[in-house]
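The values are calculated or read from the model by the stated rules, or taken from the named source; none is laboratory data. As the structure is a computational prediction, the values presented were derived from the model and not from experiment. Note: ideal-geometry Cβ built from the backbone for every residue, glycine included; neighbour counts use all protein chains shown.
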């Protein structure tokens, strides 16, 4: 377990190890796999990051799951643990219906207990394109609404930008893969696209990175978060234009 959690902060290792041990003990033969994914899996945790885990089960037995509730709630508070409980027979459907999410999981994951459930799995290209376009449009609509409703609350805008960082980073990586454009991993995909798009996109990504890193001091004045929000909306629209051109 220690080797599989290498590179994570000590508190995350301690809390996550306890959660894994409790889940293994409680679920027994129902437990297929526990997969760490996202920024924790690729060593990119920031102060605003969640610790994302997928628990794959053969059956969801409430009497067994009840045994891990207290440990789970404590881990949620201590390290922002976020867990998806998925049944083994639901994996293919989840990949088809949540293609963007699982494309990112396939890129950035570590199996920390049990079977490697994604060893021979690929996300269909058509599903990737559909979900990518859906996510980008949803983000655009949501951020426009936030511009109106939260524009005078810089702290809330920063929090929204931080929450948008993960989906946008995954979207950029998916877009480059669909375009067969070389890149050096999900973390660099957004920078690669921003560089190609020019100064406004670069400014958007700089602001997103600052918000994700929990560095409001990187914002030079009170209107900067709102300026970044506008730049991010424009950046997403440029991504959407490229996504629409995919066949």
Could you list all residues from the range 164-215 that are assigned to a helix (DSSP H, G or I), over 18 Å from residue 131 (Cβ atoms) and free of Cβ contacts under 8 Å to residues at least 24 places away in the same chain?
188, 191, 192, 195, 196, 199, 202, 206, 210
Residue satisfying condition, being closer than 24 Å to residue 173 by Cβ, buried (at least 20 other Cβ atoms within 10 Å of the Cβ) and not assigned by TED's automatic domain parsing to the domain that holds residue 164, within set 79, 91, 34:
34
Subset tally (residues that are touching a residue at least 40 places away in the same chain (Cβ under 8 Å) and closer than 16 Å to residue 54 by Cα) for the range 72-82
4
Residues in the range 67-76: is at least one surrounded by 14 or more Cβ atoms within 10 Å (Cβ to Cβ) and modelled with pLDDT under 95?
no
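Residue by residue, here is whether (1) loosely packed, with under 15 Cβ neighbours inside 10 Å; (2) in contact with a helix residue (DSSP H, G or I) (Cβ under 6 Å, 6 or more places away or on another chain); (3) at pLDDT 90 or above holds:
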{"residue": "168", "(1), (2), (3)": "no, no, yes"}
{"residue": "182", "(1), (2), (3)": "yes, no, no"}
{"residue": "195", "(1), (2), (3)": "yes, no, yes"}
{"residue": "198", "(1), (2), (3)": "yes, no, yes"}
{"residue": "203", "(1), (2), (3)": "no, yes, yes"}
{"residue": "207", "(1), (2), (3)": "no, yes, yes"}
{"residue": "239", "(1), (2), (3)": "no, yes, yes"}
